[in-house]
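Chemist: Sharing a structure with you now.
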Amino acid sequence: MKEYSVEDVKHITRPRLGEDIPLVLYRILRVIGMRNILGETSGATLYMMGKQVGAMVGAKDLAEFEAKIKELKVGIPEVQIINEDQLVVKLYECITCAGFTYTGEMFCDMESGIIAGLLEGVYGKKARSTQTKSWSVGYSYCEFEVILY
Ligand SMILES: [Zn+2]
């Protein structure tokens, strides 16, 4: 199986439909499709996938981190630095959960991974991100606690 790079997938020729897709299609694939196929392992798999995305996209500082997340329309991030090894990232308008009704579980694992992957590039350290808030547990934004190690 061939491995493709961001360069490979960047070339889009859709003169009539353009580059955007309805968010509902993404959410069907992401929240319904992937969870149905991957089951209990979907969280870990999506997190790893997100980390790879973050690493491939890359960011050299926090300003670029915020810009990339916005540019990819993953959400609107707000970074709070707790100390040299710890950050909290609030994510407004999250691609996966913004507007979701209460379900009692959190599932923004890919977003969590993207945040960790990008921050590894920013800090040159390993990053572990844990989701702590979501629309699906009653908030109007998503939140991730990130540990650098
Ligand atoms: Zn979310």
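Read-outs: derived from the displayed coordinates by stated rules, not from any lab. Every value quoted in this text rests on a predicted model; they were computed, and no experiment measured them. Neighbour counts are summed over all protein chains in view; Cβ atoms, including those assigned to glycine, are modelled from backbone coordinates with ideal geometry.
Chemist: First obtain the Kirkwood hydrodynamic radius of the chain from its Cα pairs, then insert it into the Stokes-Einstein equation at 4 °C and 1.567 mPa s, and state the resulting D in µm² per second as a whole number.
Modeler: Rounded to a whole number, D works out at 81 µm²/s.
Chemist: Once you've got the GNM for the chain with C-alpha springs shorter than 10 Å, pick whichever of A63, A98, A116 has the biggest mean-square fluctuation.
Modeler: Highest fluctuation among the options: A63.
Chemist: Using a Gaussian network model of the chain whose springs link C-alpha atoms within less than 10 Å, name the residue from I12, I81, I69 with the highest mean-square fluctuation.
Modeler: Highest fluctuation of the listed residues: I12.
Chemist: Kindly provide the GluC sites (Glu not before Pro) of the stretch 61-121 that DSSP labels as loop, not H, G, I, E or B, and whose Cβ sees at most 11 other Cβ atoms within 10 Å. Working shown, then result.
Modeler: Values: sites: E64, E66, E71, E78, E84, E93, E105, E111, E120; in loops: E84, E93, E105.
Passing sites in the stretch 61-121 are E84, E105.
Chemist: Per-residue HN-Hα couplings for the stretch 100-112, Karplus 6.51 cos²θ - 1.76 cosθ + 1.60 at θ = phi - 60°, whole Hz, x for Gly and Pro?
Modeler: The phi angles translate into 4, 7, 4, 10, x, 10, 10, 9, 8, 5, 5, 4, 4 Hz.
Chemist: Under 1.5 on a/c is rounded, so check that first for the stretch 89-138, then, if it is not, pick prolate when a/b is larger than b/c and oblate when it is not; a ≥ b ≥ c are the square roots of the alpha carbon gyration tensor eigenvalues.
Modeler: Cα axes put the stretch 89-138 in the prolate bin.
Chemist: Hey, in the GNM for the chain with a 10 angstrom Cα cutoff, which one of L118, L25, L46 fluctuates hardest?
Modeler: L25
Chemist: For a quick size check, give me the Cα extents of the stretch 12-86 along its three principal axes, largest first, whole Å.
Modeler: 43, 38, 20
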